[in-house]
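Below: one structure, written as structure tokens.
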Amino acid sequence: IREWTAWQDTLDDLAAETYGECIHDLYRVSTQVLRTHEEKRFKGGAIASLSTPWGTTKGDGDLGGYHLVWPRDLVEMAGGLLAAGARKDVLRILEYLHSTQEADGHWPQNMWLDGSAYWTGIQMDETAFPILLLDLAKRENILSEAALKRFSPMVQKAVGFILRNGPVTQQDRWEEDAGFSPFTLAVEISALLVAADFAKGNNDQEMMQYLLEIADVWNTYIERWTYVSGTELAKQVGVEGYYVRIAPEDLAEASSAMLGYVPIKNRPIENSSLPAREIVSPDALALVRFGLRAPDDPRILNTVKVIDSLLKVETPHGPCWHRYQCDGYGEHDDGTPFDGTGVGRAWPLLTGERAHYALAAGDHAAAKKLSETIEAFSNTNPGGMLPEQIWDRPDLQSKQLYFGKPSGSAMPLVWAHAEYLKLRRSLVDGRVFDTPSQTVQRYQVDKKTSAKSIWRFNHKCRSFAVGNSVRIETLAAASIHWSMDGWQTYKDTPTSDTHFGIYFCDLPTHIMREGEMLYFTIFWTDTKEWENQDFCLTCGAPCLEKTRCGS
């Protein structure tokens, strides 16, 4: 008790004025929950939850459960600790992340405490988040110059992985679908700008410029990739359009979010996919949380209306939100535990994210009220712990499920407690604690955009905007063999090395007129081989002549 009290005494006093329906001081409980999840033998390593979701139905064969390190959850935890003033704890987490980074720059989807990968999916936000944590720690003045220098290679390796593999993600933050996710894009672009700051600090102007250019391109294209207009859903809600949950990765055109289907996990096979344009998520609010879009941007306001229309549930304690429509990760409607299929329930951490949006929009009173709602979602008997999900239907006493109280999901969830801690800090500061300053300055104040279109093998766009230059990017040294007049004339342009494992050249397509076509192929410098395929891009509209273009 003496050691716990001594540790608590080092923290900032951010306790709520009232505890609402929670009989405990959830601020102090949350700091202890986070600290308890750190492993003593692997300092700085912390698991997602000491619990196992629906544990009464699990056997010893379920080796992982939530007893693993998710880099995203770990960074969220570090942000919560930093918000509370636990500076030494955050330094341990940064050292742990530094030591568990893979050679190519990414972190595993999740891992055992010794850093060994458990699941092997790639989630691009998990590679970007440690970069943002380092920037947040820098802003909070807990890093010495020596520490910044030591962590600099970690940033360069991580951003190199993002550049080579983004902007699409193999899995979104819910570990389910691949494609263009507004949440992942927001974290990736923010990380690129932070990395550009590090490059500037290292006097590497070329690296800084390249990072800023890519960030600007990806930011400019967010709406092309993930915003839809004129859909039936938009008409039903009475809005012009909205950001979708995720757009399919194999469609690179402006209409990508309007086309294709998104797999819906944990649902019966007959209900396992839906059109991408019909699925929305609170994930889009990350565009505000990370500073890329203003809270009063009409596209954001439209999306908020759609989110509330489809995903908001009013509980006896206040509102909570679902992850997306038709989510299958949760108890069945009769209260039986999740067994591979089910019905996704509302997540308290999403109430925290919505509170942060309210604060960003200048509504401090709404944010404070939502913080009290989160407190009421905790299990007040005995401990004041926050769950992953709450039961969002009328009481089922036979299953011990009560409307607005914890379901059988993971409890406590470190991520939920971390979001609450950051909210307490944000309320005290009067601003969102973890919004990067770089994005706000560049995209809301300076309003930077890009007049470049990027073609690469993992993003084969088939058109570019009139007036845009086209950048060809490859993962090996090459010469681009290209023509703007149907191969009547041609030029060869060598690529430049970015030192991130990416080579590029910019073609002067800004002089082309709408409807004209850029043709190109690739000669690989090291192997002295041709790609043996022609590609084409149409100025102003997608090229549909696949047999002619070979694209």
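Before moving on, here are some points about what is shown:
- Taking a straight Cα-Cα cut-off under 22 Å and skipping sequence neighbours fewer than 8 places away in the same chain, the lysines within cross-link reach of Lys368 are Lys305, Lys312, Lys405, Lys422.
- Normalising by residue count, the range 123-170 has a Cα convex hull of 59 Å³ per residue.
- Size of charge dipole - the chain - debye, nearest 20, with Cβ of Lys, Arg +1 and Asp, Glu -1, no other charges: 620
- Taking the DSSP bridge list for the chain and keeping only pairs wholly inside it, about 90 percent are antiparallel.
- Proximal aspartates and glutamates to Lys235, defined as alpha-carbon separation beneath 16 angstrom and excluding residues fewer than eight positions away on the same chain: Glu278, Asp308
- Every helix of 4 or more DSSP H residues in the chain counts as -39500 (n - 2.57), and over all residues that averages to -11500 deg cm²/dmol at 222 nm.
- Under 19 Å of direct C-alpha separation, and excluding same-chain neighbours fewer than eight residues apart, Lys452 reaches these aspartates and glutamates: Glu188, Glu206, Glu213, Asp216, Glu223, Glu253, Glu473, Asp497, Asp506, Glu514, Glu516.
- Convex hull per residue volume in Å³, alpha carbons only, for the range 199-268: 152
- Mean sequence separation of contacting Cα pairs (under 8 Å, at least six apart), scaled by the length of the chain, corresponds to a relative contact order of 13 percent.
- Over the range 169-324, Cα pairs under 8 Å with separation of 6+ residues give a relative contact order of 21 percent.
- Which of Val239, Tyr227, Gln209, positive extreme of dipole for the range 192-269 (C-beta unit charges): Val239
- The range 245-324 - charge dipole about Cα centre, Lys and Arg +1 at Cβ, Asp and Glu -1, debye rounded to 20: 200
- Net charge of the neighbourhood of Ile279, taken over other residues with C-beta under 14 Å away and scored Lys/Arg +1, Asp/Glu -1, is -2.
- Normalised convex hull volume, the chain, alpha-carbon set, Å³ per residue: 164
- Debye-formula intensities of the range 85-137, expressed as log10 I(q)/I(0) at q = 0.15, 0.25 Å⁻¹, are -0.42, -1.04 (one equal scatterer per alpha-carbon, no solvent).
- Taking the alpha carbon gyration tensor of the range 218-375, multiplying each eigenvalue by 5 and rooting it gives semi-axes of 24, 24, 12 Å, largest first.
- Across the range 313-360 the C-alpha pair distances fall into 5 Å bins from zero in the proportions 6, 20, 22, 23, 16, 7, 4, 2 percent.
- Comparing Trp7, Gly61, Tyr118 along the charge dipole axis of the chain, the residue lying farthest to the positive side is Trp7, per the Cβ-charge model.
- Dividing the mean sequence gap of close Cα pairs (under 8 Å, 6+ apart) by how many residues the range 385-425 holds gives a relative contact order of 44 percent.
Bear in mind that the values in this text are calculations on the coordinates, not laboratory data. Quick caveat, the model's predicted, so the values are computed rather than measured. Virtual Cβ from ideal backbone geometry, glycine too; neighbours counted across all protein chains shown.
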